[in-house]
Amino acid sequence: MYVCAQSAAWCLPDNSAMTLHRSFLWIAGALIAPFALLTLLLYLFGWNWLRGPIEHLVEQKTGRTLAIDGDLTIHPGWPWPRLHASTVTFANPLWAHEKHMVAAEAVEITVDLPQLLQRHVVFPAVHMVRPVVFLEQSPQGQKNWLLDINQQDENARIQIGQLTLDHGTLGYDDVAHKTRIRSDVSSSPLTASGPTGSGGPGVAFRASGQYQGLALLASGSGGPVLALRDDRLPYPLQVDATIGHTRIQANGTVTGLLQRTAVDMRVTVSGDSLEQLYPVLGIPAPATRAYVTQGHLAHSGTRWRYEGFTGRIGKSDIRGTAQVITGGKRPELVADLTSALLDLADLGPVIGVRPASGPLAPIGTTAPSGVLPEVPFKTERWNSVDADVRLHASHILRAKALPLDDLSVHLGLHDAVLTLDPLDVGVAGGRLNAVVSLDGRSNPMQAKARVQVQKVLLAKLFPTVVLNQTSIGQINGGFTLSGTGNSIRRMLATADGKVTLVVARGEVSQLMMEKAGLHLWEILELNVTGDQQITLRCALADFDVKKGVMTANTLVFDTEVTTLLGSGSIDLAHETLDLTLNQKTKNTSPLALRSPIFIRGSFAKPTVGVDKTRVVARAAGAVALSLVSPLLALIPLIDPGPGKDSDCGPLLQQPTHTGRPH
């Protein structure tokens with residue numbers, strides 16, 4: 001018997017047809033049975049029967065216990081099925097301080113199946129209800145969020161795309177970096193003034209603890225979804241944090257919270273000293289007085305820019321743009337700064353002046369005994385960054401006795417070598433142009449400086465000396481010094497080099513010079529008739545510097561009435577003066593003390609005096625002769641002169657030692 005198809009010209013035996021029919025039934029049954037069995041298991045037990053296999057697999061791969069003590073539900077889907085589990089805990093490794101890395105009332109996870117088949121654990125979305133999460137890094141570099149047995153494989157981590165939290169606690173511990181942070185996160189409505197500016201639910205957080213050994217207190221708010229890996233969606237964020245004595249307030253957006261692929265925020269930073277930013281940013285900054293700045297922080301690629309910021313440091317205003325470029329051997333800081341008014345006192349901490357009081361003063365210290373800056377530079381931080389910084393200050397607020405006008409400096413820091421090239425300062429109507437090099441690679445530092453002095457006006461050089469304010473003349477010259485030390489005081493205490501300053505011509509107060517010559521009669525006469533200007537033929541100060549001691553080779557101040565010839569030394573190590581000025585009167589003076597003038601004492605308290613023994617001897621001679629005749633009493637007090645003019649030509653040909661340090 002045959003079975004034939006009605007629409008085809010073929011037939012099969014009836015037993016073959018029965019065999020084919022049975023084969024189809026077996027194939028259909030083999031395909032349907034697993035689904036039927038799965039349906040029966042889900043009907044009888046739900047998805048909970050998978051808890052054991054999942055827990056076993058996780059412990060086998062990580063060596064840590066995953067416990068799902070509540071119901072497990074799976075919502076199938078391709079390529080991202082969704083899992084929901086209640087009462088979930090995931091244990092920490094044995095070295096961690098906390099028992100669990102994660103504990104939550106409920107967890108809902110979306111799994112990327114194609115990535116999982118490639119042995120990559122990727123969760124595009126995670127939602128956690130009342131979670132307690134502790135992340136920890138051991139002193140040996142182990143990280144509890146790495147899922148390999150030893151917690152050291154950077155590839156063995158869960159990659160999370162978006163994370164939402166419903167009232168949770170987050171913690172982070174890093175003993176090696178003295179960091180311990182605890183944060184509470186809760187759902188909170190966002191107002192129009194919040195980070196998004198559009199209302200709707202979001203998160204609010206409060207954190208406290210320790211960061212890099214500094215006390216931390218922070219609060220803020222953000223959007224509802226933490227886009228951890230999405231580098232396209234800006235995440236709204238508002239933060240107010242205090243780290244140590246530094247306060248940071250920021251409001252804007254961050255794209256890619258983990259990688260920070262883009263940042264667009266208004267930021268205000270304030271604190272006691274810019275130096276305190278080092279633990280926070282990892283960028284060394286000089287010690288300063290209290291400061292506050294506000295500006296726009298932008299990040300893209302390898303550049304962080306603090307744009308158009310304004311602020312104050314002490315009494316000085318500051319504005320400009322600063323950026324940090326990463327990706328090289330070390331970060332590079334590039335800044336262009338301006339100041340309309342720079343308070344010279346605010347530069348004190350920068351160059352190592354120890355404050356007598358205030359937040360920068362070390363505990364238990366008193367005011368420094370000397371005037372040279374003595375606080376060591378922190379060169380151990382110089383190798384952590386390269387820098388290219390320009391600063392221009394239009395006006396300088398300073399003590400009346402310091403005739404400084406303005407300041408421009410270009411600071412470079414490369415491979416722990418700091419250069420000021422140039423350092424240009426307006427001094428008494430002229431310029432002081434310097435090139436300075438400090439080599440932070442050696443201990444103590446190697447320091448070199450070459451300075452050029454141009455057209456400094458005599459009339460402005462000593463603004464507190466009334467008689468000098470009518471002087472006419474320009475000081476030119478320069479000096480070159482090299483020394484070793486970690487502070488300016490130690491550098492000068494070991495300095496070798498040369499100092500030369502000259503005045504080619506000019507005019508000075510006659511009364512000032514008569515006082516310098518101790519001519520009592522002329523002083524009395526000029527006080528009655530009035531002061532007048534006299535010719536300054538030339539002036540020269542030439543010193544050799546050896547091991548911190550400046551020894552005068554030539555010290556001359558030659559005018560038409562008196563020549564002052566100096567000798568002696570200046571000790572930079574001990575900050576003391578030992579100079580002697582001898583007067584050579586060019587006109588006979590009927591009444592003069594005729595005594596050398598001594599300039600001695602410390603830099604802080606110099607003293608000017610005369611040879612008291614010689615003065616007393618002249619006075620005694622005058623008294624003795626007055627017993628014979630009153631007119632004879634004047635003989636010991638007469639300065640007969642005449643002093644000779646100095647040979648200014650050769651003096652003015654002294655080299656001024658300008659140029660750049662080698």
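The values are calculated or read from the model by the stated rules, or taken from the named source; none is laboratory data. Just so we're clear, the structure is a prediction, and the values are computed from it rather than from any experiment. Quick reminder, even Gly has a Cβ in these numbers, built from the backbone with ideal geometry, and neighbours come from all protein chains shown.
Computed values, structure above
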| item | result |
| --- | --- |
| The range 62-108 - residue that is touching a Lys or Arg at 6+ places or on another chain (Cβ under 7 Å) and outside any loop (DSSP other than H, G, I, E, B) and, of those, surrounded by the most Cβ atoms within 10 Å (Cβ to Cβ) | A104 |
| Test: residue in the range 120-142 that is acidic (D, E) and in a loop (DSSP other than H, G, I, E, B) | no |
| Some residue of the range 248-269 being buried (at least 18 other Cβ atoms within 10 Å of the Cβ), at pLDDT 90 or above, closer than 21 Å to F377 by Cβ and within 22 Å of the chain's Cα centre (by Cα) | no |
| Residue in the range 610-630 that is surrounded by fewer than 19 Cβ atoms within 10 Å (Cβ to Cβ), of a type in the set (A, V, I, L, M) and modelled with pLDDT of 60 or more present | yes |
| Check on E55, acidic (D, E) and out of contact with any Leu (no Cβ under 6 Å at 6 or more places or on another chain) | no |
| Some residue of the range 314-321 being in contact with a helix residue (DSSP H, G or I) (Cβ under 6 Å, 6 or more places away or on another chain), modelled with pLDDT under 95 and not hydroxyl-bearing (S, T, Y) | yes |
| Which listed residue, of L402, L413, is over 19 Å from D317 (Cα atoms) and buried (at least 20 other Cβ atoms within 10 Å of the Cβ) | L413 |
| Sole residue being in contact with a Phe, Trp or Tyr (Cβ under 6 Å, 6 or more places away or on another chain) and of a type in the set (A, V, I, L, M, F, W, C), chosen from V269, V254 | V254 |
| Some residue of the range 35-51 being modelled with pLDDT of 90 or more and loosely packed, with under 13 Cβ neighbours inside 10 Å | no |
| Flag if V129 is under 28 Å from P224 (Cβ atoms) and free of Cβ contacts under 8 Å to residues at least 40 places away in the same chain | yes |
| Sole residue being surrounded by fewer than 18 Cβ atoms within 10 Å (Cβ to Cβ) and at positive phi, chosen from G429, G473 | G429 |
| Of all residues making up the range 226-240, the number that are of a type outside the set (F, W, Y), crowded, with 19+ Cβ neighbours inside 10 Å and in contact with a Leu (Cβ under 7 Å, 6 or more places away or on another chain) | 2 |
| Any hit, the range 527-539, residues being touching a strand residue (DSSP E or B) at 6+ places or on another chain (Cβ under 7 Å), more than 23 Å from V610 (Cβ to Cβ) and of a type in the set (V, I, T) | yes |
| Some residue of the range 289-298 being over 18 Å from the mean Cα position of the chain (by Cα), of a type in the set (K, R) and part of a loop (DSSP other than H, G, I, E, B) | no |
| Checklist (1) farther than 21 Å from V375 by Cα; (2) without any contact (Cβ under 8 Å) to a residue 40 or more places away in the chain applied to T253, failing item | (2) |
| Qualifying helices (runs of 4 or more DSSP H) (wholly inside the range 434-544; at least 3 residues being farther than 19 Å from Q583 by Cα) | 458-461, 488-493, 520-529 |
| Test: residue in the range 375-393 that is assigned to a loop (DSSP other than H, G, I, E, B), in contact with an Asp or Glu (Cβ under 9 Å, 6 or more places away or on another chain), surrounded by fewer than 16 Cβ atoms within 10 Å (Cβ to Cβ) and modelled with pLDDT of 90 or more | no |
